[in-house]
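Enquirer: Sharing a structure below in structure tokens format, with a few things to ask.
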Amino acid sequence: MDQRIANRIGGLAVFPDGPTFDSTNPARPADVIATLPSSTGAAVDDAVAAAREAQREWAARPVPARAEMIAAAAEAVAARKDDLARLVAREAGKILVEAAGDVQEAVDMGRFVAGQGRAAAGETVPSELPGKLAWTTRQPVGVVGMITPWNFPVAIPSWKCFPALLAGNGIVIKPSEEAPVCADRFVECVVDAGVPAGLVNVVHGAAEPGTAITLHPGIGAVSFPGSAPTGGVVAATGMAAGPKLLSLELGGKNAMMVLADADLELAVEGALFGAFGTAGQRCTSTSRLVVQRAVADELVARLAERTEKLMLGDPLDPSTDVGPVINARAGERILAMVAAAREEGGDVVLGGEAVTVAGCDGGTFVAPTIVRVERNHTIARKEVFGPVLAVLVVDEVADAVDVVNDTEYGLSAAVYTRNIAAALWAVERIDTGIVYVNAPTIGAEIPLPFGGTKHTGNGFREAGTRGIEQFSHVKTVYVDYSGRLQKAQIDTHPFEAEEQS
Ligand code: ADP
């Protein structure tokens, strides 16, 4: 692989003079994947200008023609799935099967969005007046800025790029500095498939180009999935800089609720995958296990027994169950949260420490951790973003729902029970954007909306047909072919006094 990866601006590889940064393998940080530019706002200016230029021609193409290019891009990603999956494992630390799932999500998203190119879009309503038509259509925002995270380094850029392209926009992506090569290679597939190269621009770096995207007057929409604190900054600066669509997806504190009648083996499997898959670093990772007292001890014991057997190791090794956390700083933060839980009276049943993995020098591996806590403990409420499951014991089903809702976030939740009435009762009361029954909190599918309530976001949803909304403006169109001035609400309901006269 190239050791230097440049920005992609207007179809050219541009490597600005100035500081650089390295993308490294989290399992072995001495393994440098590439050196990239720490770009400034100047690169963002160039990228926005290039995107705008290419966008004018792209937006003039019929939507099905754009969709055909997106379909080709999806197939280009599919053709390189194995290589991309290995890159995801190496750069983001996801184990190979999860890394392949990350890439598959991009393929599925491309195929789905391409299909939307020939689907009905908008609303048509009967006008209240004769000789008049009324409908809605969508228009591009122009250039979309995307600040993407590292934990789904191919899937998330695809979740944003494909709908934004279908909607007729140009794009500037600023990938996370933790997994920039994955984003670059994804864009390479898109461009190789025939999408005009100037349309999809990539600017590498950290907060500086991110801030420049947020502030840029030439950008009509900013899409940001990431941490709540950074999202707060993006929201505040983005709004201050002038009108643009701001689509935020920030954090979660996802809970799995297990009722006394649940299939415990199924719940153990779900909790293992939900809490420790991707080393707990998914937005939808299961962070809390809310369990009814009657089965709590048995469930925790069975889960601990299975968790202990998880193999920590190199994500590129097919026998590994759990890879490293993204960097040493993340490891310190996660372990400090577990230490604080201990101090607050939490009982660490398993894990709670860093682990050394042979052959992975310098990688930060956190042992999958189970900690029994009380509702008021910090770890029961704050996002950990690591392989840590906080167990909370409750008596009644209503208490379980209360605990699930007792957090500032509202992304995903799960209910395990064999009682359909209890499941639906809980589904109705849980305040999250996604609820699963008898499945863990992770595993969103492409055709349905993804997003959350409360501090998880600002109301936008990704994926599904709704995914296109965040990158376009609705336009309401009225056509009056009656040949005379007709007044809505006035001609149809004449003023009463006039009628009587
Ligand atoms: P993480 O998702 O790793 O927790 P953040 O939420 O802090 O990290 O960052 C997500 C993305 O936002 C990264 O691409 C990062 O470079 C970028 N970023 C960081 N600070 C800012 C900022 N002030 N404005 C815009 N983007 C930022």
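The values are calculated or read from the model by the stated rules, or taken from the named source; none is laboratory data. Please read all numbers here as calculations on a predicted model, not as lab measurements. Every residue, glycine as well, gets a Cβ built from its backbone with ideal geometry; the counts of neighbours run over all protein chains shown. For the accessible areas, the whole protein counts, side chains as well, though only heavy atoms, and no ligand, DNA or RNA atoms are used. Shrake-Rupley method; radii C 1.70, N 1.55, O 1.52, S 1.80 Å.
Enquirer: In the range 193-209, which residues are open to solvent by 10 Å² or more (accessible area, probe 1.4 Å) and over 30 Å from GLU68 (Cα atoms)?
Expert: Narrowing the range 193-209 to residues open to solvent by 10 Å² or more (accessible area, probe 1.4 Å): 193-194, 196-198, 206-208.
Within the range 193-209, ALA206, ALA207, GLU208 qualify.
Enquirer: Right, another one. Which residues, taken from the range 145-182, are within 14 Å of the ligand (Cβ to nearest atom), of a type in the set (Ser, Thr, Tyr) and under 29 Å from ALA119 (Cα atoms)?
Expert: Of everything in the range 145-182, just one residue is within 14 Å of the ligand (Cβ to nearest atom), of a type in the set (Ser, Thr, Tyr) and under 29 Å from ALA119 (Cα atoms), namely THR148.
Enquirer: Oh, and also: Restricting attention to helices (runs of 4 or more DSSP H) lying wholly within the range 234-350, give those where 3 or more residues are open to solvent by 30 Å² or more (accessible area, probe 1.4 Å), touching a strand residue (DSSP E or B) at 6+ places or on another chain (Cβ under 8 Å) and at negative phi. I'd like the intermediate steps shown before the answer.
Expert: On the way: elements: 264-276, 293-308, 328-343.
Once the helices (runs of 4 or more DSSP H) in the range 234-350 are filtered for at least 3 residues that are open to solvent by 30 Å² or more (accessible area, probe 1.4 Å), touching a strand residue (DSSP E or B) at 6+ places or on another chain (Cβ under 8 Å) and at negative phi, what remains is 328-343.
Enquirer: Kindly indicate the residue of the range 209-233 that is more than 10 Å from the ligand (Cβ to nearest atom) and not in a loop (DSSP other than H, G, I, E, B) and also nearest to ARG461 (Cα to Cα) among those meeting that condition. Before you say what the answer is, go through the steps one by one.
Expert: Initial filter on the range 209-233 (more than 10 Å from the ligand (Cβ to nearest atom)): 216-221, 223.
Then drop every residue that is not not in a loop (DSSP other than H, G, I, E, B), which leaves 221, 223.
Values: ALA221: 14, SER223: 11 Å.
Among those that are more than 10 Å from the ligand (Cβ to nearest atom) and not in a loop (DSSP other than H, G, I, E, B), it is SER223.
Enquirer: Over 15 Å from VAL191 (Cβ atoms) and at pLDDT 95 or above: does that describe ALA73? Working first, answer last.
Expert: Values: over 15 Å from VAL191 (Cβ atoms): no; at pLDDT 95 or above: yes.
Considered against the rule, which asks whether it is over 15 Å from VAL191 (Cβ atoms) and at pLDDT 95 or above, ALA73 comes out as no.
Enquirer: Could I ask something else about it? Checking PHE224 against (1) touching a Lys or Arg at 6+ places or on another chain (Cβ under 9 Å); (2) surrounded by 24 or more Cβ atoms within 10 Å (Cβ to Cβ); (3) closer than 19 Å to LEU248 by Cβ, which test does it fail?
Expert: Here PHE224 meets the rest and fails (1).
Enquirer: What do you reckon, is ALA79 open to solvent by 10 Å² or more (accessible area, probe 1.4 Å) and either out of contact with any strand residue (DSSP E or B) (no Cβ under 8 Å at 6 or more places or on another chain) or not aliphatic (A, V, I, L, M) (or both)?
Expert: On the way: open to solvent by 10 Å² or more (accessible area, probe 1.4 Å): yes; either out of contact with any strand residue (DSSP E or B) (no Cβ under 8 Å at 6 or more places or on another chain) or not aliphatic (A, V, I, L, M) (or both): yes.
Criteria met by ALA79.
Enquirer: Regarding the range 241-252, can at least one residue be identified that is more than 12 Å from the ligand (Cβ to nearest atom), over 15 Å from GLN470 (Cβ atoms) and in contact with a Phe, Trp or Tyr (Cβ under 9 Å, 6 or more places away or on another chain)?
Expert: Kept after step one, since they are more than 12 Å from the ligand (Cβ to nearest atom), are these residues of the range 241-252: 242-245, 247, 252.
Remaining after also requiring over 15 Å from GLN470 (Cβ atoms): 242, 252.
Next, from what is left, pick out any that are in contact with a Phe, Trp or Tyr (Cβ under 9 Å, 6 or more places away or on another chain): 252.
Yes, the range 241-252 contains at least one residue that is more than 12 Å from the ligand (Cβ to nearest atom), over 15 Å from GLN470 (Cβ atoms) and in contact with a Phe, Trp or Tyr (Cβ under 9 Å, 6 or more places away or on another chain).
Enquirer: Do the conditions hold for GLY101, that is, is it free of Cβ contacts under 8 Å to residues at least 60 places away in the same chain, under 24 Å from GLY313 (Cβ atoms) and open to solvent by 20 Å² or more (accessible area, probe 1.4 Å)?
Expert: On the way: free of Cβ contacts under 8 Å to residues at least 60 places away in the same chain: yes; under 24 Å from GLY313 (Cβ atoms): yes; open to solvent by 20 Å² or more (accessible area, probe 1.4 Å): yes.
For GLY101, the condition - free of Cβ contacts under 8 Å to residues at least 60 places away in the same chain, under 24 Å from GLY313 (Cβ atoms) and open to solvent by 20 Å² or more (accessible area, probe 1.4 Å) - is met.
Enquirer: Give me the pairs: first residue in the range 127-150 and at negative phi, second residue among the aromatic types (Phe, Trp, Tyr), beta-carbon distance under 7 Å, and six or more apart or on different chains, which are they?
Expert: Qualifying pairs under 7 Å: LYS132/TYR478; ALA134/TYR478; VAL141/PHE471; VAL144/PHE471; ILE147/PHE224.
Enquirer: Still on this structure: Of everything in the range 351-363, what is in contact (Cβ under 8 Å) with a residue 40 or more places away in the chain and open to solvent by 30 Å² or more (accessible area, probe 1.4 Å)? Give them in sequence order. Talk me through it step by step, then tell me what you get.
Expert: Pass one, the range 351-363, residues in contact (Cβ under 8 Å) with a residue 40 or more places away in the chain: 351, 355, 357, 359-363.
Matches in the range 351-363: VAL355, GLY359, ASP361, GLY362.
Enquirer: Return yes or no: is THR230 hydroxyl-bearing (Ser, Thr, Tyr) and open to solvent by less than 10 Å² (accessible area, probe 1.4 Å)? Write out each step before concluding.
Expert: Working: hydroxyl-bearing (Ser, Thr, Tyr): yes; open to solvent by less than 10 Å² (accessible area, probe 1.4 Å): no.
No.
Enquirer: Further question: Please work out if PHE450 is open to solvent by less than 30 Å² (accessible area, probe 1.4 Å), modelled with pLDDT under 95 and not assigned by TED's automatic domain parsing to the domain that holds VAL222. Break it down stepwise before answering.
Expert: Values: open to solvent by less than 30 Å² (accessible area, probe 1.4 Å): yes; modelled with pLDDT under 95: yes; not assigned by TED's automatic domain parsing to the domain that holds VAL222: yes.
Yes, satisfied.
Enquirer: Is there any pair linking a residue in the range 285-309 that is acidic (Asp, Glu) to one that is open to solvent by 10 Å² or more (accessible area, probe 1.4 Å), with Cβ under 8 Å and at least six apart or on different chains, and which?
Expert: Final answer for the pair search is GLU298/LEU264; GLU308/LEU350.
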